[in-house]
Structures are given as C-alpha cells and as structure tokens.
Amino acid sequence: MNAIYWLILFIILLVIEIITLGLTTIWFAGGALVAFVLSLLEVSPVVQWAVFCAVSLILLFATRPWAVRYFNNQRKEKTNVDSLIGKTAVVTSEIRNLEGRGEVFVNGLTWTARSGEDSLTIAEDTHVTVTAVQGVKLIVEAKK
C-alpha cells in the first residue's frame, strides 16, 4: 500500500481524536504510523495491514485503561459545595432534625444543617464536621 494512504489515515485519526477527546482513535493512529513506516521500507501490503491491526489492538487493550484512569483522575478537584465535606463548622443555631431547625457557619457562610441521626440534638457553639450535602443542607456530626 502506498505510504501516502497510511499518512492520510494517520492524520484523519488524529483529527478525529482531537475533536472527540474520547481516547479511542489515537490507538489506531499509532497503528497507522507503524504501517506508514513499514510502507516506506517497502514491506508487503498484507504485512502492513496485519501490523496495523496488531499494533492498534495492542495499544488499545494495553494502554487505554491506564490512560483513561490517568486523565480522569487529573481533573478531579472538589469545587463549590463538595469542597465543604470534611471541613469543621460551628453550630450557630441548635440542630434539631425532628423540628427542622439548625444552622452552621463554615467558610464564611451560614448553612442550614442536619445531624446524621434524627434523634440527635447538637447544641449551639459546638464544633462539627461536615459529612455530606443533601440539597441545600449540610449533614454534620459532632466533633469528638
């Protein structure tokens, strides 16, 4: 097969990968690049296709899981309300779940709050830890 066809396929696969960012066609672009080099060395087209398929599949199955894990973990940064989980807050209004009362002060803002257990009452000025967020309410537990 003519080397120009492998080069065109390589470029098309790279462009598709850049557009979609799905980490799918990049592995086949690697196979096309190896096949392009083989075509420059005047290896038979059957071998070029076999190597293209083999290299593409090896790259896909051997490196894709690692790459997906790496790229997904790089961009996970807690923002907004998720960043409150694990922080210490101060109870500004006694927390009574059964009466629907309770407020805490954390990060310069006052939030409505609930304790993790309905029967538990948390007194004013108690330091608590934010354990979860449900809607617009913080779920807290008293610090030990």
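The values are calculated or read from the model by the stated rules, or taken from the named source; none is laboratory data. As the structure is a computational prediction, the values presented were derived from the model and not from experiment. Cβ: placed from backbone, ideal geometry, glycine included. Neighbour counts: every protein chain shown. Please note that ligands, DNA and RNA were not included when accessible areas were found on the heavy atoms of the full protein model with its side chains. Shrake-Rupley method; radii C 1.70, N 1.55, O 1.52, S 1.80 Å.
Compared with the dominant principal axis of the Cα atoms in the chain, helix 45-74 is inclined by about 10°. Excluding same-chain neighbours fewer than eight residues apart, the aspartates and glutamates reachable from residue 144 by a Cα-Cα span under 18 Å are 94, 117, 124, 125.
When the P(r) is computed for region 1-67, the part past 19 Å accounts for 29% of the Cα-Cα pairs.
Between residue 83 and residue 18, the modelled label-to-label distance comes to 3.4 nm, taking each label 7 Å out from Cα in the direction of the beta carbon. Work out the P(r) tail for region 79-126: percent of alpha carbon pairs separated by more than 12 Å, whole number. So the portion of pairs separated by more than 12 Å is 60 percent. Angle of helix 3-20 to the longest C-alpha principal axis of the chain, folded into 0 to 90 degrees and rounded to 10: 10°.
For the chain, the mean residue ellipticity at 222 nm estimated from helices alone is -15500 deg cm²/dmol, where every DSSP H run of n ≥ 4 contributes -39500 (n - 2.57) and the total is divided by all residues, rounded to the nearest 500. Accessible surface computed residue by residue for the chain, with neighbouring protein chains in place and a 1.4 Å probe, gives 65 Å² per residue.
Taken over the chain, the convex hull of the Cα atoms encloses 145 Å³ per residue. Put simply, the amide H of residue 87, placed in the peptide plane, has neighbours under 5 Å in 130, leaving out anything fewer than 5 places away on its chain. Whole-Hz Karplus values for region 90-103 come out as 10, 6, 9, 9, 3, 8, 9, 4, 5, 9, x, 10, x, 9 Hz, taken residue by residue from phi with 6.51 cos²θ - 1.76 cosθ + 1.60 and θ = phi - 60°; glycine and proline positions read x. Helix 25-40 and the long axis of the chain differ in direction by around 20°, with both axes built from C-alpha atoms. Among the protein heavy atoms of the chain, carbon and sulfur supply 63% of the accessible surface, probe 1.4 Å, non-protein parts ignored.
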